[in-house]
Amino acid sequence: MGNISIRLYGDPVLRQTAQPVKKIDAKLRRLLKDMAASMYAAPGVGLAAPQVGVLQRAVVIDVGEGLLTLINPEITYSEGEEMGVEGCLSLPGLVGDVSRSTKVIVKALDAQGKEQEISGEGLLARALQHELDHLDGILFIDKAQNLRPSESDEDRG
Ligand code: NI
């Protein structure tokens, strides 16, 4: 387990809109570090701050290509559409098919407050869209078809 626990479906915090981060300080960096630890421990490929009960626009993602820390992320470009299997750390044991953009570009600040641009395709594009949805209180089940039980721990965000 990580240092902070992941909120599960039914917790109202998951349905609230997160506020933009105003100050990137030691407290926020601590939160991001704890979020990453919880994501890796789960295991999962992404985690958004509302999933640990913090209504701030911050997410961590690692689809196996290294840790991404995104503060105040925004999708600036998207293209294509593809259906893929998705799960969520806040809804363990459940997966569904969700249509997402094939490619997205996301603009965000990093943990030092520096602007970064992430270009993602495939699983990374999917993880980015899934985590950004969390910041607006949107869960994958709102968009999924064919929801079904799953025993796999893979690719949850
Ligand atoms: Ni999720």
>> Among the residues of the range 9-24, are any in a strand (DSSP E or B) and of a type outside the set (Ser, Thr, Tyr)?
In response: yes
> Would you pick out the residues in the range 114-157 that are farther than 18 Å from SER99 by Cα and more than 14 Å from the ligand (Cβ to nearest atom)?
Replying inline: LYS114, GLU115, GLN116, GLU117, ILE118, SER119, PRO149, GLU151, SER152
> Among the residues of the range 23-35, which ones are more than 15 Å from the ligand (Cβ to nearest atom) and either more than 16 Å from GLN112 (Cβ to Cβ) or within 16 Å of the chain's Cα centre (by Cα) (or both)?
Replying inline: LEU31, LEU32, LYS33, ASP34
> For the range 35-71, how many residues meet the condition of being closer than 16 Å to VAL13 by Cβ and in a helix (DSSP H, G or I)?
Replying inline: 6
> Which members of the range 122-146 meet the condition of being of a type in the set (Asp, Glu), surrounded by 15 or more Cβ atoms within 10 Å (Cβ to Cβ) and out of contact with any helix residue (DSSP H, G or I) (no Cβ under 8 Å at 6 or more places or on another chain)?
Replying inline: GLU131
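The numbers here are math on the coordinates, done by the rules we state, and not lab data. Remember, it's a predicted structure, so these values are computed and weren't measured experimentally. Cβ atoms come from the backbone with ideal geometry, glycine included; neighbour counts cover every protein chain shown.
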